[in-house]
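Student: Next up is a structure, given as structure tokens.
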Amino acid sequence: MASIREIAPQNLDAFIDLIPEILQKNSLQTPYHFYGIEESGEASGVIVFEEDGDIAEIKYLYILPYLRGTGVMDQVLVSFFSQLSEEGYSSVSMRYVKDEYPVLDAIADRFSFVKRDLDYAYFKFKGEEIEKCKAASFSPKGIMRIRFLPEQKKQQLIKLINRNLKMYDRKITYNPEFMPYSLAYIEGGEPKGALVVESPRPVTLAAFEEVTKYPEPGAFDISLFFVGTNKEMVPLLLLSGLCRVIEKEMPSNVTITGYFPEGYIVKFLEAALGIKGHHEVQALLDIGGI
């Protein structure tokens with residue numbers, strides 16, 4: 001019989017290898033809640049959520065491969081939603097891309113979550129695709145690494161980035177190890193825009209080597225955010241700079257992902273890369289009556 005309980009210091013060691021390192025690191029800044037799934041007394045999975053008022057937003061679901069398709073996750077979720085309701089939460093939410101996370105979409109259907117498309121497009125492509133795209137032939141004039149900016153200019157740009165990242169519900173604290181590839185657009189000696197490149201380090205679960213890191217198993221992964229000026233040429237210049245970084249410094253299997261609000265950036269990426277952006281889904285379940 002599977003059960004679920006909140007992960008506490010005394011039982012953390014049993015679940016630590018099941019929690020992606022990027023979530024462990026982010027939990028230092030974001031108050032995530034970690035719950036562990038146990039089956040026959042063994043640590044078998046985790047559920048991670050973030051509190052948004054009285055809404056519990058699920059950030060990560062994982063269960064060991066041998067338990068998938070057995071109904072254990074559904075059984076655990078029924079108990080989990082009941083616990084959340086008792087703790088005063090009114091709803092559970094999930095945000096995902098259907099094509100990337102069909103398991104979440106299936107869960108949303110089975111539990112009758114109310115779903116709606118968000119005004120964000122999701123892209124995923126490989127390094128070799130960006131190396132062959134139109135942007136690769138352009139010279140990245142006015143582009144430099146954020147880490148090479150003078151400290152005053154760097155702080156000025158970080159403020160600009162955080163103002164713009166509000167649209168993604170994100171805030172960053174600049175860390176050269178976490179964002180060594182991020183690029184700045186300089187105009188008139190001043191930073192006017194950026195391509196934020198987040199690069200979580202690959203992590204392998206000790207017991208299951210085929211399950212590597214979140215969110216893209218089996219590959220080095222970077223995430224992109226365009227911020228700042230909306231001049232049409234700037235995304236092209238920033239992307240051309242990234243092409244050169246990928247060619248010289250990243251493994252051939254690099255996977256690149258990004259969420260972008262509908263508009264000129266999405267149209268630019270679709271034209272430059274020849275791929276379609278997929279809409280993110282917001283799924284919401286009322287648990288107040290459970």
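The values are calculated or read from the model by the stated rules, or taken from the named source; none is laboratory data. Computed from a predicted model, the values in this text were never measured in an experiment. With ideal geometry, Cβ positions are generated from the backbone for all residues, glycine too; neighbour counts draw on all protein chains shown.
Student: Could you pull out the residue among Ser40, Ser44 that is at pLDDT 85 or above, surrounded by 15 or more Cβ atoms within 10 Å (Cβ to Cβ) and polar (S, T, N, Q)?
Tutor: Working: Ser40 fails: surrounded by 15 or more Cβ atoms within 10 Å (Cβ to Cβ).
Within the list Ser40, Ser44, the selection yields Ser44.
Student: Which pairs do you get when a residue that is surrounded by 11 or more Cβ atoms within 10 Å (Cβ to Cβ), found in the stretch 140-159, comes within reach of a residue that is part of a helix (DSSP H, G or I), reach meaning Cβ atoms under 6 angstrom, with the pair 6+ apart or on two chains?
Tutor: Pro140/Leu237; Pro140/Ser240; Pro140/Gly241; Ile143/Leu237; Ile143/Gly241
Student: Let me ask something additional. Checking Pro20 against (1) within 27 Å of Tyr122 (Cα to Cα); (2) touching a Ser or Thr at 6+ places or on another chain (Cβ under 6 Å), which single condition isn't satisfied?
Tutor: Looking at each condition in turn, Pro20 falls short on (2).
Student: If I filter the stretch 1-35 down to residues being in contact with a Phe, Trp or Tyr (Cβ under 6 Å, 6 or more places away or on another chain), of a type outside the set (D, E, K, R) and not in a helix (DSSP H, G or I), which single residue comes out as nearest to Glu57 (Cα to Cα)?
Tutor: Looking at the filtered set, the residue picked out is His33.
Student: Among the residues of the stretch 266-290, count how many are among the β-branched types (Val, Ile, Thr) and in contact with a helix residue (DSSP H, G or I) (Cβ under 6 Å, 6 or more places away or on another chain). Step through it out loud before you land on a result.
Tutor: Our first condition is that a residue be among the β-branched types (Val, Ile, Thr); within the stretch 266-290, this holds for 266, 275, 281, 287, 290.
Still in the list and also in contact with a helix residue (DSSP H, G or I) (Cβ under 6 Å, 6 or more places away or on another chain): 287, 290.
The total comes to 2.
Student: Might you check whether a residue that is in a loop (DSSP other than H, G, I, E, B) and charged (D, E, K, R) occurs anywhere in the stretch 43-63?
Tutor: Let us first name the residues in the stretch 43-63 that are in a loop (DSSP other than H, G, I, E, B), namely 53-54.
Now restrict to residues that are charged (D, E, K, R): 54.
Yes, the stretch 43-63 has at least one match.
Student: Okay, moving on. Can you name every residue in the stretch 220-254 that is at pLDDT below 70 and either touching a Pro at 6+ places or on another chain (Cβ under 8 Å) or surrounded by 17 or more Cβ atoms within 10 Å (Cβ to Cβ) (or both)?
Tutor: Of the stretch 220-254, the ones at pLDDT below 70 are 220-223, 230, 252.
Result: Phe220, Asp221, Ile222, Ser223.
Student: Find the helices (runs of 4 or more DSSP H) located wholly in the stretch 70-141 whose residues include 1 or more that are touching a helix residue (DSSP H, G or I) at 6+ places or on another chain (Cβ under 6 Å) and outside the structural domain of Glu38 (by TED's automatic domain parsing), and list them. Before the answer, list the steps.
Tutor: Working: elements: 72-86, 102-110, 127-131.
Ranges flagged: 127-131.
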